[in-house]
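Sharing a structure below in structure tokens format, with a few things to ask.
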Amino acid sequence: MTLSASFIWKNPDATKDLNDRIRRIVSRGIVWGGAMNPAGAGLQVIVDPAVAVSFDGMTVVEDSQETLTVLAGERNYVVLWAKYNEGGVPALPTLTYQVFKEADYLAHPEKDYLIVYGLVDLAPAAVNVTLADIDLTVRDEIDALGRDWYRGKVATASPYPGDLPVGPPTANRIGDFYFVDDENTFYFWNGTIWEPLNTGSYNSETARMNQLLVQG
């Protein structure tokens, strides 16, 4: 086994080092933008400006719209092929939009480096692309990082508030929630107090699933 640091003195490829800082920590995908819509008449789609991260941790910025042609009678994968070329060979990274037939996409030797923007599924007789033809469920997306509504675990909420934070002052926001160990349930902040998720149709099976979710 060989251990190494992401940054070392006089590394010949500092850009690769920067990419490696988030490689495998952040999955490939679109961070912002990249909406895909029919171009109007004809078998074309328009992809909006976007920011994306490649499989190898490279950040890619597109500042203008791109129009791409798709094929009738095919399941068309609209992708951004993004790959950093280690050592600068060739000098520029691979950055190109591509449209692949489904079979070609699935068998592509560098599939890891293909960021999927969407799928356009067209009938053989199609002459235009409609919104109903565009499937975004296969899209590679990265959720923006920010404040998490899940605030953590506490041992108990009894007697109220137990270990749940109430202040003053309080940083609680409506919708914040904690997992309470001794009750196997979540408590949500309603703006005034913490309320347990153990009313209505709630049951012990749901409690067990909550516990598994928190424990991983």
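Restricted to the stretch 34-52, and to residues that are under 17 Å from VAL116 (Cα atoms) and assigned to a loop (DSSP other than H, G, I, E, B), which residue is nearest to the chain's Cα centre (by Cα)?
The extreme case among them is GLY34.
On to the next question. When the stretch 104-135 is examined, which residues are found to be surrounded by fewer than 13 Cβ atoms within 10 Å (Cβ to Cβ) and either touching a helix residue (DSSP H, G or I) at 6+ places or on another chain (Cβ under 8 Å) or aliphatic (A, V, I, L, M) (or both)?
LEU106, ALA107, ALA123, ALA125, VAL127, LEU131, ALA132
Return the total of residues in the stretch 150-187 being of a type in the set (Phe, Trp, Tyr) and part of a loop (DSSP other than H, G, I, E, B).
Matching residues across the stretch 150-187 total 1.
Every residue, every condition in (1) touching a helix residue (DSSP H, G or I) at 6+ places or on another chain (Cβ under 7 Å); (2) at pLDDT 90 or above; (3) on the phi > 0 side of the Ramachandran plot, yes or no:
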site: TRP9; (1), (2), (3): no, no, no
site: ILE25; (1), (2), (3): no, no, no
site: VAL31; (1), (2), (3): no, yes, no
site: VAL45; (1), (2), (3): no, yes, no
site: VAL51; (1), (2), (3): no, yes, no
site: PHE55; (1), (2), (3): yes, yes, no
site: VAL70; (1), (2), (3): no, yes, no
site: GLY73; (1), (2), (3): no, yes, yes
site: VAL78; (1), (2), (3): no, yes, no
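Answer with yes or no whether GLY162 is surrounded by fewer than 16 Cβ atoms within 10 Å (Cβ to Cβ) and either of a type outside the set (D, E, K, R) or in contact with a helix residue (DSSP H, G or I) (Cβ under 8 Å, 6 or more places away or on another chain) (or both).
no
Tell me which strands (runs of 3 or more DSSP E) are completely within the stretch 59-123 and hold 1 or more residues being within 22 Å of SER27 (Cβ to Cβ) and among the polar types (S, T, N, Q), or say none if there are none. Before the answer, list the steps.
Numbers: elements: 59-62, 66-69, 75-83, 94-101, 114-121.
Filter on the stretch 59-123 gives 59-62, 94-101.
Name every residue in the stretch 85-103 that is without any contact (Cβ under 8 Å) to a residue 60 or more places away in the chain, farther than 18 Å from VAL127 by Cα and surrounded by 13 or more Cβ atoms within 10 Å (Cβ to Cβ), in order of residue number.
ASN85, PRO93, THR94, LEU95, TYR97, GLN98, PHE100, GLU102 - these are the residues of the stretch 85-103 that are without any contact (Cβ under 8 Å) to a residue 60 or more places away in the chain, farther than 18 Å from VAL127 by Cα and surrounded by 13 or more Cβ atoms within 10 Å (Cβ to Cβ).
Please identify the pairs in which a residue from the stretch 59-84 that is outside the structural domain of HIS108 (by TED's automatic domain parsing) and free of Cβ contacts under 8 Å to residues at least 12 places away in the same chain has its Cβ atom under 7 Å from the Cβ atom of a residue that is of a type in the set (S, T, N, Q) and assigned to a loop (DSSP other than H, G, I, E, B), counting only partners at least 6 apart or on another chain.
none
The values are calculated or read from the model by the stated rules, or taken from the named source; none is laboratory data. Model, not experiment: these values are computed from the prediction. Glycine gets a Cβ as well: all are built from the backbone with ideal geometry, and neighbour counts include every protein chain shown.
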